[in-house]
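Before any comments, here is the structure.
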Amino acid sequence: MPILLVELPVDVPVLDEPKCPDPDDKFIFDHLVRYCATFDPLPAITVRVDGDVAIVSRGHKYLRAARALGRSTVRAVIASAPTNSNVRAFLVREDVRTLDWDTLRRKEEEEANPKGWHVLFFERPLSDLEREDLEERVGALFGVGEVQILYDDAGPCAEFEAITPILDPEWAAKYLAALLSFSRDRVRILSYQGQRLLPD
């Protein structure tokens, strides 16, 4: 069955925990919001149409992040059958815009090395020596001199923008290993891209 993707105002999807609870505990919400502030659009949530209401069944935290950031719209995959009369009525609403899933997916696949932000939160602020170590490890993966890491001791966090080979599993494994190594040897990394690096 083809994926039915729409764009709609952030106040349209309904968070109904009794009907559709959020089981996902791998994110630290404030960290996720900081990461989500670096790109747009956010990952699509999933909704099911119940009468004239779109209830969030997956991606609760991305919807909350979109609202926290003041975003006006969010993308949503409709999990209910497109032949359902409620879905057909929902799709013709003036504030709901149907998107072409296949076109968007092809466009993403063509961009094998996108430039994007990497956001890390730590257990405590990094010392000068620890910052140098982190910069060496990041430089070894992204290219020395290619990345400028910005630090925020209030987080405490570090973030940088870099061209990233997201479709290369070997590179991704090396990157994860480098983060885990730094977290073990230097300062514990609480989250990467808003997601817990290791269980508590």
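Compute the signed sum of charges (Lys and Arg +1, Asp and Glu -1) over the other residues within less than 13 Å, Cβ to Cβ, of GLY194.
Once positives and negatives cancel, what remains is +1.
Take every DSSP beta bridge with both residues inside the chain and express the antiparallel ones as a percent of the total, to the nearest 5.
Around 90 percent of the beta bridges assigned by DSSP in the chain are antiparallel ones.
Binning at 5 Å from 0, report for the stretch 54-200 what percent of all alpha-carbon pair distances ends up in each bin.
2, 7, 13, 16, 15, 13, 11, 9, 6, 4, 2, 1, 0
Once you list every other residue whose beta carbon is under 13 Å from the beta carbon of ILE163, what net charge do they have if Lys and Arg are +1 and Asp and Glu are -1?
Taking every other residue near ILE163 into account, the sum is -3.
If I build a Gaussian network model for the chain, linking alpha-carbon pairs within less than 10 angstrom, which residue out of ARG93, ARG186, ARG64 has the largest mean-square fluctuation?
ARG93
Taking only protein heavy atoms and a 1.4 Å probe, what accessible area per residue, in Å², does the chain have with all protein chains in place?
That works out to 57 Å² per residue.
Going by amide H atoms built from the backbone, whose H comes under 5 Å of the H on ARG58, apart from near neighbours?
Sorted by chain and number, the residues that satisfy this are THR46.
Which percent of the accessible area of the chain is formed by carbon and sulfur heavy atoms (probe 1.4 angstrom)? Intermediate values should be presented prior to the final figure.
Working: 5820 of 11380 Å².
Whole-percent figure for carbon plus sulfur exposure: 51.
Scan the chain and note any complete DSSP helix (H) whose C-alpha atoms cover at least 18 Å along its axis and whose Kyte-Doolittle average is -1.0 or more.
The qualifying helices are 128-142, 169-185.
Mind checking the full-extension length gain between ARG131 and THR38? Use 0.36 nm per residue of separation minus the Cα-Cα distance, one decimal, nm.
Full extension of this stretch gives 31.3 nm more.
The values are calculated or read from the model by the stated rules, or taken from the named source; none is laboratory data. Bear in mind the structure is a predicted one, so any value in this text is a computation, not a measurement. All Cβ positions, even for glycine, are placed from backbone atoms using ideal geometry, and neighbour counts span all protein chains on display. Calculation scope for accessible area: heavy atoms of the full protein, side chains included, ligands and nucleic acids excluded. Shrake-Rupley method; radii C 1.70, N 1.55, O 1.52, S 1.80 Å.
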